[in-house]
Structures are given as C-alpha cells and as structure tokens.
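The values are calculated or read from the model by the stated rules, or taken from the named source; none is laboratory data. Model, not experiment: these values are computed from the prediction. A quick note on method: Cβ atoms are made from the backbone with ideal geometry, for glycine too, and the neighbour counts reach across all protein chains shown.
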Amino acid sequence: MTTRSNFGSKLGAVLAAAGSAVGLGNVWRFPTEVGNNGGAAFILIYLICVLLIGVPVMISEFVVGRHTHANTITAYKRLAPGSWWRIEGVAGVFVAFLILSYYVIISGWTLYYLVQSCLGTLSVAQDFKAGFSAFIAHPWWPVVYGCIFMGFTHLVVARGVQSGIERFSKVMMPLLLVIIVVLVVCSFNMPGAHDGLRFLLKPDFSKVTTRVMLSAMGQAFFSLSLAMGCLCTYASYFSSDTRLVRTAVNVSLIDTLVAIMSGFIIFPAVFSVQGVQVDEGPGLVFITLPHVFQMAFHGVPLLGSVFSVLFYLLLLLAALTSAMSLHESVTAYVHEAAHVSRPRASVVVSVACMLLGVACSLSFGPWSGFRVFGMNIFELFDFAASKVIMLLSGIVICLFVGWKLDRQLVYDEVTNGGTLRFRLFRLYLFLIRYVVPIVIGVIFVNELRQ
Ligand code: PFF
C-alpha cells in the first residue's frame, strides 16, 4: 500500500475542518436569517439543529473517512463493495465539484470588492446597486476574478495535505478570528450598535414557524459543509488518535461562533446608517454594506476604507478555506483513482471547474436568457447541489452508518478502538438511524414543494 498523507496535528485537523465549515454561508446568510426569523429564538433552534443533526452527521462522515483512509468514492466502495451504497461516494464528490464551480465565481466577486476597497473606489459616492449588477453581468471581469481565486485555491491544494491545506488553515483561521474580533469591536462602537444588536438578538418566538425551523436546519447543513464529501475526505487524513466526537463538536462550535459574530459585525454597522434596508446574501454584502461602510464613518473616509478592506478580507479567507475543501474532495479522488500525481490532478479539477464556473458567471449576463425550470445556470447548480443532492446524500450517510456499517466498527471508530468513552453512543445511533433521516426527509419535501 502507498503511504498516504495525514494531518500533522490534531489542531491542524480541527482548523482545516473548521475552515471548510466557515464560509460565505456564515457571513451573509446566517445573520439575516437570525434577524428576520425571531432573533435569539432562531439562534436557539439553530443550536438544537446543530447539536441533534449537524454533529451526528459530521461524526458519521468522520467515521467513514477515518476508517477507510481513502477519498470519498473509494471509501464507500471499500465499505460496501458491489452494492448501491457506493453511489453515496459518487454523489459527494459530484456535489463538491458542482458547488465549487459557482462558489469560485461568488468568491471572485469578493476578491473584486476587496481590490476596490484597497484602491479606495468603494468609498466614493456611487449607485452600489447599479455597480454590482453591471459587474456581475460583465462577460469576462467576474471570470477573471474567479480564475484568480481558483488560482489561489489550486496552489494550496496542489501543495498537499500537510504543507498546503493544513499549513494554510493554521495561519488563516487564527487570522480570520482576529479580523472578526477587530471588526466586532469597531461595530460595537458605532452609533447604531444598540439597535443592531436588538434586531439580531431580541427573542421573538411568534416568528418561529415550521418554515423557519426547516430553514434553520437547511442552513445548519450547508454551513457545516455536510454531505459533500469534504469532511469525509478531510477525516481520511485524521490520525488514529484524533478524537472524532470532540473534533465534530469543536468544528460545529467554531462555525456557529463565527456565524453569530458575523451578525455582531454586520447589524450594528447597518443600523448606524439611517434608511438602510436589511438585505440578504449578495445584496447585503455587495450593495448594502459598501454603502454602509461609506456612510458609517462620515467625515473619516479612511476608517470606512479600512473597515471595508478588513471585512472583504474576512469574507475572502472564509471562502478560500471552504473552496480548498471542495477542491480537495475532488482532487483526492482524481489523484488516487486515476493514479495521477496530486499537482496534475489538481490542474484537471481547477480547469474543469473553471469551465463550469464560466457558464455560471455568464448566466448573470449574456446567458441570462437561458433558463431551466425558470432558473439560470447558477441557480440551477445551487438548487441541484444544495437543495437536492446534499439533502438526499445526508439521509444516505446516516442510513449507511446507522444500519449498514457494523455497529462494532462504528463504536471502535468513535472511541478510537475502545480507548475513549462515548457515553452517548446509543443516542448517537438513535439519531442517525431514525431522527436525522426523517427530519432531512421533511426538509427535502418542503424544499421541493417550494
Ligand atoms: N460551509 C460553507 C459555507 O458556509 O459557506 C460552504 C460549503 C463548503 C459547503 C464546503 C459545502 C462544502 F462542502
């Protein structure tokens, strides 16, 4: 057998997996969901989802990856030779590929906004909405920025697990946390901080409907990077003494903390400027916030520029560590299954993904008329990946580990061969056998109905 890389330390393993989880979803979606859906009441429901659904699914992915020490497709093939369960591995790698193709385009937009902040052009009065729409509809500028972003991701992944992904995560994740703390402190000192925090945190249980609960679960799934082969691939580099349960809990904690802190950055800032609407997703990050950065430090444009450079840098780092994990999920497969060197495998993945990425980018401009079920290419990829395949794949992972895998094998994996105690093992099994598949099934049906 050829020797396969491992993460060099437990900290490296946690930071790499946390890097995968902490991404655009934490910064631009979670805070708005909280604010609009009941504040602290939503946070409470989200935490329950993370604990009862997110952590068990993550542990299950870790079990499959660490036990086989192989890429996701080979992992399922080895554990269930000749049976249809193998499709799960294929789905994981395929969905990672699909998500990466549009994730790089949005990350490219972030890079563009970072460059503009550094040049000071974002602090000049302008119509940010028109500027953003014109930029994303441009036939080649977003592609150029997407390619540069893919280039960074490629360079890290091509260097390998220890000297690429782990080393980079060990530097970037602490840096990301420092930037968050600095931005939170700045935001707390803005005049609207009080109102922003009230919007974000005031518990309002009357807003918690079934739809809100389902959306909390969907958000937890995407935010924790579940069911895309990423965490399974990273777990295949865990050493035999890595504690799977503790790692899953730590990663989930870091991810949730970053999501909440992002709200602490965004809403005090937004509420400090009169007449600004609370928006979501790209609208929030690329239209509302540039306007806020410009207005919030009225009279001291330099402060606005510094704040916006730090904010887009934060977003870019978060996106980069997530993109690395998506890339690695596919690269590991190409490298191991097609027996090509890692650098070559990563070139194949980067180029193939970028080709799809170009189609995603053009779907905002010249190809916007091309629609399937009313969706452009970008929306179609997002729908297929994060609404359909990801959820189905989550159900299959739980059923696979809960019912198909030998119970003793699973126990040995989560307790490192019986050397650790896991008192909640029965509860964990109960959750992945019954609760999680049923809950995800309900979310899935609901998404399709919408
Ligand atoms: N968790 C990332 C986010 O919150 O933006 C997105 C993501 C990364 C999803 C990696 C899935 C994945 F495998």
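Give the residues of the stretch 118-129 that are in a helix (DSSP H, G or I) and polar (S, T, N, Q), sorted by residue number. Walk me through it before giving the result.
If we filter the stretch 118-129 for residues that are in a helix (DSSP H, G or I), which is where we start, we get 118-119, 121-123, 128-129.
Hits for the stretch 118-129 are THR121, SER123.
Quickly run through the stretch 361-408 and pick out the residues that are farther than 30 Å from MET58 by Cα and either free of Cβ contacts under 8 Å to residues at least 24 places away in the same chain or aromatic (Phe, Trp, Tyr) (or both). If the condition is that a residue be farther than 30 Å from MET58 by Cα and either free of Cβ contacts under 8 Å to residues at least 24 places away in the same chain or aromatic (Phe, Trp, Tyr) (or both), then SER363, PHE364, TRP367, GLY369, PHE370, ARG371, VAL372, PHE373, GLY374, MET375, ASN376 are the ones that fit. Among the residues of the stretch 197-208, is any more than 16 Å from the ligand (Cβ to nearest atom), assigned to a loop (DSSP other than H, G, I, E, B) and not charged (D, E, K, R)? Yes, there is a match, as at least one residue in the stretch 197-208 is more than 16 Å from the ligand (Cβ to nearest atom), assigned to a loop (DSSP other than H, G, I, E, B) and not charged (D, E, K, R).
Given the criteria under 24 Å from PHE222 (Cβ atoms), small (Gly, Ala, Ser) and either within 16 Å of the ligand (Cβ to nearest atom) or not in a helix (DSSP H, G or I) (or both), does SER361 qualify? Considered against the rule, which asks whether it is under 24 Å from PHE222 (Cβ atoms), small (Gly, Ala, Ser) and either within 16 Å of the ligand (Cβ to nearest atom) or not in a helix (DSSP H, G or I) (or both), SER361 comes out as no.
On the stretch given as the stretch 217-246, residues that are closer than 18 Å to GLY25 by Cβ, within 14 Å of the ligand (Cβ to nearest atom) and not in a loop (DSSP other than H, G, I, E, B) total 9.
Based on what the data block shows, is ALA359 modelled with pLDDT under 95 and within 30 Å of PHE132 (Cα to Cα)? No; evaluated as a whole, the condition is false for this residue. Scanning the stretch 142-200 for residues that are surrounded by fewer than 23 Cβ atoms within 10 Å (Cβ to Cβ) and acidic (Asp, Glu) gives a single hit, ASP195.
Answer yes if at least one residue in the stretch 155-176 is farther than 30 Å from ARG344 by Cβ and more than 16 Å from the ligand (Cβ to nearest atom), and no otherwise. Yes, because at least one residue in the stretch 155-176 is farther than 30 Å from ARG344 by Cβ and more than 16 Å from the ligand (Cβ to nearest atom). The residue that is surrounded by the fewest Cβ atoms within 10 Å (Cβ to Cβ), among those in the stretch 130-141 that are in a helix (DSSP H, G or I) and more than 26 Å from the chain's Cα centre (by Cα), is ALA130. Out of ARG211, ARG243, one residue alone is within 20 Å of ALA13 (Cα to Cα) and more than 20 Å from the chain's Cα centre (by Cα). It is ARG243. From the list ALA323, ALA332, ALA352, the lone residue that is touching a residue at least 40 places away in the same chain (Cβ under 8 Å) and surrounded by fewer than 21 Cβ atoms within 10 Å (Cβ to Cβ) is ALA352.
Out of everything in the stretch 6-29 that is part of a loop (DSSP other than H, G, I, E, B) and near the ligand (Cβ under 9 Å from one of its atoms), what residue ends up being nearest to PRO174 (Cα to Cα)? Applying the filter and picking the extreme gives VAL22. Inclusion of GLY54 among residues that are within 13 Å of the ligand (Cβ to nearest atom) and under 30 Å from GLY417 (Cβ atoms) is warranted. Between THR74, THR32, THR3, which is within 15 Å of the ligand (Cβ to nearest atom) and among the hydroxyl-bearing types (Ser, Thr, Tyr)? Unique residue meeting the criteria: THR32.
Taken as a whole, the condition of being buried (at least 21 other Cβ atoms within 10 Å of the Cβ), assigned to a helix (DSSP H, G or I), touching a residue at least 40 places away in the same chain (Cβ under 8 Å) and more than 9 Å from the ligand (Cβ to nearest atom) does not apply to ALA259. Exactly one residue out of LEU355, LEU310, LEU289, LEU303 is over 23 Å from PRO142 (Cα atoms), part of a helix (DSSP H, G or I), hydrophobic (A, V, I, L, M, F, W, C) and away from the ligand (no atom under 16 Å from the Cβ), and it is LEU303. Per this entry, ALA134 is counted among residues that are free of Cβ contacts under 8 Å to residues at least 12 places away in the same chain and more than 20 Å from THR233 (Cα to Cα). Scan the stretch 266-286 for residues that are not small (Gly, Ala, Ser) and not in a helix (DSSP H, G or I) and the total you get is 7.
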